[in-house]
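Trainee: Quick one: the structure is below, and I'll ask about it shortly.
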Amino acid sequence: MPNVKKIGVLTGGGDSPGINSALRAIVRRASAEGIEVVGFRDGWKGPIEGDAQPLTLADVSGILYMGGTILGTSRTNPFRKEKRDGEVVWEPTEKVDAIVENLEKLSIDALIAIGGDDTLGVAHRLAKYGVKAVGIPQTIDNDIGGTDYAIGFHSALATVTDALDKLHTTAHAHHRLLIVEVMGRDSGWIAVYGGLAGGADVILVPEGPPEGSFSVDDVEKVVKRRLAQGKRFSIVVVAEGARPRELGGRQVARGEVDAFGHVQLGGVGYWLADELKKRDLPLTPRVTVLAYLQRGGIATPFDRLLATRFGVKAVEFALEGRFDVLTGLWGTEIRAVPLGEALAQCPKPVDPELLRVAKVICPG
């Protein structure tokens, strides 16, 4: 059992509602044991530069429902991505040494990293350098392995569902073919859950065969079938990572690459609209890209509760000496899941049974 007197915490990657709920829980649980908490600013950039601030009970008072993160975030990566013999290898940079030195200088006994697979991947690789870390899964994409849900997904789902509810009235009134582009690089959790809850007519996700996950022809067939039934509007939900067969299964990207090697996606909704304009359809395609709206706003009750449970368990795992793990929700239980095992399942695809249901209800 380690003697944990000071815990560091950071929030990395894309933000989402619920992060502050987790921070509050971490501080409250640690304070109950007399443990000091230090927050690193702007993701992994904080421990690299030694940029930290104390987190007291007063600092986390009133932040339960707040979106975003009071610590700030970034996509800083202390490792360098290389390819060797066709395999991806993460080589340490001088920033890794800086992290280790700053954690020692600040007397950090345990580190809690809140974020997606990139942030948690750094925490896992740092275990080799003696960093004792516990991960908390947080991403609206819900594509992290080892847990049923990640912080932020439920709040993003509520935003998407609300948007679809509102778009229905305009689609119906103006006889439009509305295309709603949502987030989801490699997994269609937001598109499937949001599309089903919001009554979409077509749901397009990244999951599918290598030659592409959807065809414009299939979308056209659904729209024409609805027209034949007297339905003078249609709503299509498409994940940003959906792969048109007409493009050979390539995703629509902007060309920008982040520190973890991810190409910025976006534009598949407009691409689909342009293709449908070439078809013999009486409906005018219009595109709504929800983008960062999905990350914003206050956390739903589910996310507040999930984040609170994750925060409490992360501290308790550290006190038990259980490191290089993440807090995973399995049914109603929070388990310590080895980070290596969880990351090996990333990106976690949508449950095939749920995809089947979506196919039956929204056959696009």
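The values are calculated or read from the model by the stated rules, or taken from the named source; none is laboratory data. All values reported here derive from a predicted model rather than from experimental measurement. FYI the Cβ positions are ideal-geometry reconstructions off the backbone, even for glycines, and counts take in every protein chain you see.
Trainee: Surrounded by fewer than 17 Cβ atoms within 10 Å (Cβ to Cβ) and not aliphatic (A, V, I, L, M): is that true of Ser74 in this structure?
Mentor: no
Trainee: Please find, among Leu204, Leu227, the residue that is within 24 Å of Arg176 (Cα to Cα), surrounded by fewer than 21 Cβ atoms within 10 Å (Cβ to Cβ) and not basic (Lys, Arg).
Mentor: Among Leu204, Leu227, only Leu227 is within 24 Å of Arg176 (Cα to Cα), surrounded by fewer than 21 Cβ atoms within 10 Å (Cβ to Cβ) and not basic (Lys, Arg).
Trainee: While we're looking at this one, here's another question. Among the residues of region 292-309, count how many are surrounded by fewer than 19 Cβ atoms within 10 Å (Cβ to Cβ) and in contact with a Phe, Trp or Tyr (Cβ under 9 Å, 6 or more places away or on another chain).
Mentor: Final tally of qualifying residues: 2.
Trainee: Then there is this: From Tyr65, Tyr129, grab the single residue that is closer than 26 Å to Ser21 by Cα and among the aromatic types (Phe, Trp, Tyr).
Mentor: Answer to the selection: Tyr65.
Trainee: For Ala110, state whether it is more than 26 Å from Ser187 (Cα to Cα), buried (at least 24 other Cβ atoms within 10 Å of the Cβ) and touching a Lys or Arg at 6+ places or on another chain (Cβ under 9 Å).
Mentor: yes
Trainee: Further, regarding this structure: May I ask you to verify whether Leu319 is crowded, with 20+ Cβ neighbours inside 10 Å and either within 25 Å of Ser31 (Cβ to Cβ) or in the same structural domain as Asn20 (by TED's automatic domain parsing) (or both)?
Mentor: No: the conditions fail for Leu319.
Trainee: Output the residues belonging to region 61-104 that are in a loop (DSSP other than H, G, I, E, B) and among the aromatic types (Phe, Trp, Tyr).
Mentor: Result: Tyr65, single match.
Trainee: Across region 1-50, what is the total count of residues that are within 20 Å of the chain's Cα centre (by Cα) and at positive phi?
Mentor: 4
Trainee: A further question on this structure: Please determine whether any residue of region 59-81 is over 19 Å from Gly115 (Cβ atoms) and aliphatic (A, V, I, L, M).
Mentor: Yes, region 59-81 contains at least one residue that is over 19 Å from Gly115 (Cβ atoms) and aliphatic (A, V, I, L, M).
Trainee: Quick one: Ala110 ticks every box in (1) within 25 Å of the chain's Cα centre (by Cα); (2) more than 23 Å from Gly14 (Cβ to Cβ); (3) in the same structural domain as Arg232 (by TED's automatic domain parsing) bar one, so which box is it?
Mentor: Here Ala110 meets the rest and fails (3).
Trainee: Scan region 269-310 for residues that are part of a loop (DSSP other than H, G, I, E, B) and either within 28 Å of the chain's Cα centre (by Cα) or closer than 22 Å to Thr139 by Cβ (or both) and jot them down.
Mentor: Answer for region 269-310, where residues must be part of a loop (DSSP other than H, G, I, E, B) and either within 28 Å of the chain's Cα centre (by Cα) or closer than 22 Å to Thr139 by Cβ (or both): Leu290, Arg295, Gly296, Gly297, Ile298, Ala299, Thr300.
Trainee: Of the residues Gly12, Gly50, only one is touching a helix residue (DSSP H, G or I) at 6+ places or on another chain (Cβ under 7 Å) and either closer than 16 Å to Phe310 by Cβ or buried (at least 24 other Cβ atoms within 10 Å of the Cβ) (or both); which?
Mentor: That would be Gly12, the only listed residue that is touching a helix residue (DSSP H, G or I) at 6+ places or on another chain (Cβ under 7 Å) and either closer than 16 Å to Phe310 by Cβ or buried (at least 24 other Cβ atoms within 10 Å of the Cβ) (or both).
Trainee: Limited to region 1-52, what total is found for residues that are in a loop (DSSP other than H, G, I, E, B) and either free of Cβ contacts under 8 Å to residues at least 40 places away in the same chain or over 16 Å from Val122 (Cα atoms) (or both)?
Mentor: Residues flagged as in a loop (DSSP other than H, G, I, E, B) and either free of Cβ contacts under 8 Å to residues at least 40 places away in the same chain or over 16 Å from Val122 (Cα atoms) (or both) within region 1-52 amount to 16.
Trainee: List pairs: first in region 182-198 and free of Cβ contacts under 8 Å to residues at least 24 places away in the same chain, second of a type in the set (Asp, Glu) and surrounded by fewer than 24 Cβ atoms within 10 Å (Cβ to Cβ), Cβ under 6 Å, 6+ apart or cross-chain?
Mentor: So the pair list comes out empty.
Trainee: Okay, moving on. Out of (1) modelled with pLDDT of 95 or more; (2) in contact with a Gly (Cβ under 8 Å, 6 or more places away or on another chain); (3) part of a loop (DSSP other than H, G, I, E, B), what's the single condition that is false for Arg322?
Mentor: Status for Arg322: all satisfied but (2).
Trainee: Cβ-Cβ distance below 6 Å, separation of 6 or more or different chains: which pairs start in region 211-225 with a residue that is of a type in the set (Phe, Trp, Tyr) and end on one that is buried (at least 21 other Cβ atoms within 10 Å of the Cβ)?
Mentor: Phe214/Leu204; Phe214/Ala242
Trainee: Quick check on region 276-291: of everything there that is buried (at least 17 other Cβ atoms within 10 Å of the Cβ) and modelled with pLDDT of 95 or more, which residue is farthest from Ser74 (Cα to Cα)?
Mentor: Among those residues, the one meeting the criterion is Leu276.
Trainee: One residue is enough: does region 322-331 have a residue meeting the conditions more than 25 Å from Val9 (Cα to Cα) and in the same structural domain as Ser31 (by TED's automatic domain parsing)?
Mentor: Yes, that holds for at least one residue.
Trainee: Given the criterion buried (at least 22 other Cβ atoms within 10 Å of the Cβ) and not hydroxyl-bearing (Ser, Thr, Tyr), identify the matching residue among Val312, Val350.
Mentor: The unique qualifying residue is Val350.
Trainee: Just one of Gly135, Gly195 is in contact with a strand residue (DSSP E or B) (Cβ under 6 Å, 6 or more places away or on another chain), within 22 Å of Val315 (Cβ to Cβ) and not in a loop (DSSP other than H, G, I, E, B); which is it?
Mentor: Gly135
Trainee: Being part of a strand (DSSP E or B) and out of contact with any strand residue (DSSP E or B) (no Cβ under 7 Å at 6 or more places or on another chain) is the filter here, so list the residues in region 331-354 that pass it.
Mentor: Glu333
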